[in-house]
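Okay, structure first, notes after.
The values are calculated or read from the model by the stated rules, or taken from the named source; none is laboratory data. What you see is a predicted model; the values in this text were computed from it and never measured. FYI the Cβ positions are ideal-geometry reconstructions off the backbone, even for glycines, and counts take in every protein chain you see.
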Amino acid sequence: MSASIDPILPLLITISLSIVFISLLLKKFKQPLVIAYIIAGLLIGPYGLGLLTDISTITHLGNIGVVLLLFFIGMEVNLKKLLSNWKVALIGTLFQICLSVFFVYLFSLWTNWELKRILFLGFAISLSSTAVVLKILEEYSELGSKTGQNVLSILLVQDIAIVPMLLILSFLGGEKISYTDIIIECIGAVIIILFVIWLIKKENIKLPFSATIKKDHDLQIFWALLLCFGFALITGLFGLSTALGAFIAGIVLGSAKETKWVIQNLHPFYILLVALFFLSVGMLLDLTFILENYVVISTLVVGVFLTNTLINAIILKVLKNSWKESFYGGALLSEIGEFSFVLSAVASSLGIISTFGYNLTISVIALTLLFSPLWIAMFRKILLIHTRKNEN
């Protein structure tokens, strides 16, 4: 009998059971599902029970989940309202990166780090998690709020900032930079800007074959996936973030007033693949390494939360937000994002960080992603209590 059972079935049951059980437990403490996904990944991953060891496949599927997440967010966004935050997005992100690098530089005065290591750590710390933050804003129904729009605009610019960061690290690490690639990326950025301007002026657009697609449920699914991944592929070919392309595809659908059937048809895929992304994060947590270096790792995790919250809160306050909005926005942007995994891999391959440094960085990134919902919820609760006291 056992020979006729596909080995993937027990694994799927274990994953589903882990997520359901942990989610039900966390719901009693009013915690978001993101934490349940990460803990489930830790339990079944190579450093847990070892039921799932193929991290790369899960990571690739999870990255598709992040692409779909931005696709769905794009459908809900008011493009004009988002672009009105350009000062917050550009100035906020630039100052955030510069201040992060400056804080790492101050720390390096005691460690004598090289410039390339200082820049890598500053870049890695400055990037926040699009997946975590947008998922939490969705769960709290705060994506359309002023803070939600500010944070979203900053996250989108961060997705673009990863390109020059990788170029800088490659140059400092001794890798030859292709000027052709730089030109292609610049052309891609210009095309995106022009396309967004066209969308704003056009306001309402009509998709080809829309009348036929509305009558065919099966075709709707593949048409939506084609738009999402097609735009993602285009931006990817220009060396830009695939998630950014999916976000623009979502805006296109929103402009065409075609979001209802897309959400109905793709929402189950979206939930599954986003869950796989967070599972992949949990699978990266090596408990043995963390326990052996818990003093250093815990100090770095707390330091990251405090530093990023403070930096972003000050920047948002300078950009004319209230202290309440600024600190909440700072808390939302306090974790280290998924793109920092990419930076870490590049830094390791170029010899900017050692194997130990790579493992340490991965552990800190994963733990900030795990604990960020708790950190954000704490700030949210404190600010809500403060608001109620002022009202009374």
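On the given criteria, is V88 crowded, with 22+ Cβ neighbours inside 10 Å, part of a helix (DSSP H, G or I), at pLDDT below 90 and touching a helix residue (DSSP H, G or I) at 6+ places or on another chain (Cβ under 8 Å)? Write out each step before concluding.
Details: crowded, with 22+ Cβ neighbours inside 10 Å: yes; part of a helix (DSSP H, G or I): yes; at pLDDT below 90: yes; touching a helix residue (DSSP H, G or I) at 6+ places or on another chain (Cβ under 8 Å): yes.
Criteria met by V88.
In this structure, is G230 more than 30 Å from G48 (Cα to Cα), free of Cβ contacts under 8 Å to residues at least 12 places away in the same chain and in a helix (DSSP H, G or I)?
Working: more than 30 Å from G48 (Cα to Cα): yes; free of Cβ contacts under 8 Å to residues at least 12 places away in the same chain: no; in a helix (DSSP H, G or I): yes.
Answer is no for this residue.
On the stretch given as segment 264-280, residues that are in contact (Cβ under 8 Å) with a residue 60 or more places away in the chain and of a type in the set (V, I, T) total 1. Looking only at segment 141-164, filter to residues that are touching a residue at least 40 places away in the same chain (Cβ under 8 Å) and over 24 Å from A124 (Cα atoms); which one of those is surrounded by the fewest Cβ atoms within 10 Å (Cβ to Cβ)? Of everything passing the filter in segment 141-164, G144 is surrounded by the fewest Cβ atoms within 10 Å (Cβ to Cβ). T307 meets the conditions (1) without any contact (Cβ under 8 Å) to a residue 60 or more places away in the chain; (2) more than 20 Å from M165 (Cα to Cα) in every case but one. The failed one is (1). Scanning segment 263-285 for residues that are at pLDDT 80 or above and outside any helix (DSSP H, G or I) turns up at least one hit.
One residue stands out among those in segment 270-288 that are surrounded by fewer than 17 Cβ atoms within 10 Å (Cβ to Cβ) and over 18 Å from the mean Cα position of the chain (by Cα): the one that is nearest to F72 (Cα to Cα), which is L287. Against the conditions (1) part of a helix (DSSP H, G or I); (2) under 15 Å from I73 (Cα atoms); (3) in contact (Cβ under 8 Å) with a residue 12 or more places away in the chain, K257 satisfies every one except (1). Scanning segment 171-193 turns up no residue that is in a helix (DSSP H, G or I), over 28 Å from M75 (Cα atoms), of a type in the set (G, A, S) and in contact (Cβ under 8 Å) with a residue 60 or more places away in the chain. Restrict the check to segment 104-126 and report whether at least one residue is in contact with a Phe, Trp or Tyr (Cβ under 6 Å, 6 or more places away or on another chain) and under 23 Å from I315 (Cβ atoms). Looking through segment 104-126, at least one residue is in contact with a Phe, Trp or Tyr (Cβ under 6 Å, 6 or more places away or on another chain) and under 23 Å from I315 (Cβ atoms). A single entry from L115, L99, L121, L167 fulfils the requirement of being aliphatic (A, V, I, L, M), out of contact with any Gly (no Cβ under 8 Å at 6 or more places or on another chain), crowded, with 23+ Cβ neighbours inside 10 Å and farther than 25 Å from G250 by Cβ: L121.
Name every residue in segment 12-36 that is surrounded by fewer than 17 Cβ atoms within 10 Å (Cβ to Cβ) and not in a loop (DSSP other than H, G, I, E, B), in order of residue number.
L12, I13, T14, S16, L17, V20, F21, L24, L25, K27
Could you say which residue among S128, S100, S141 is modelled with pLDDT of 90 or more and in a loop (DSSP other than H, G, I, E, B)?
On the way: S100 fails: in a loop (DSSP other than H, G, I, E, B); S141 fails: modelled with pLDDT of 90 or more.
Result: S128 is the single residue among S128, S100, S141 that is modelled with pLDDT of 90 or more and in a loop (DSSP other than H, G, I, E, B).
Using the structure shown, decide if K30 is at pLDDT 85 or above, among the basic types (K, R), more than 21 Å from the chain's Cα centre (by Cα) and over 19 Å from A366 (Cα atoms). So K30 does not fit the description; no.
When you look at I205, is it β-branched (V, I, T), assigned to a helix (DSSP H, G or I) and touching a residue at least 40 places away in the same chain (Cβ under 8 Å), yes or no?
On the way: β-branched (V, I, T): yes; assigned to a helix (DSSP H, G or I): no; touching a residue at least 40 places away in the same chain (Cβ under 8 Å): yes.
The answer is no for I205.
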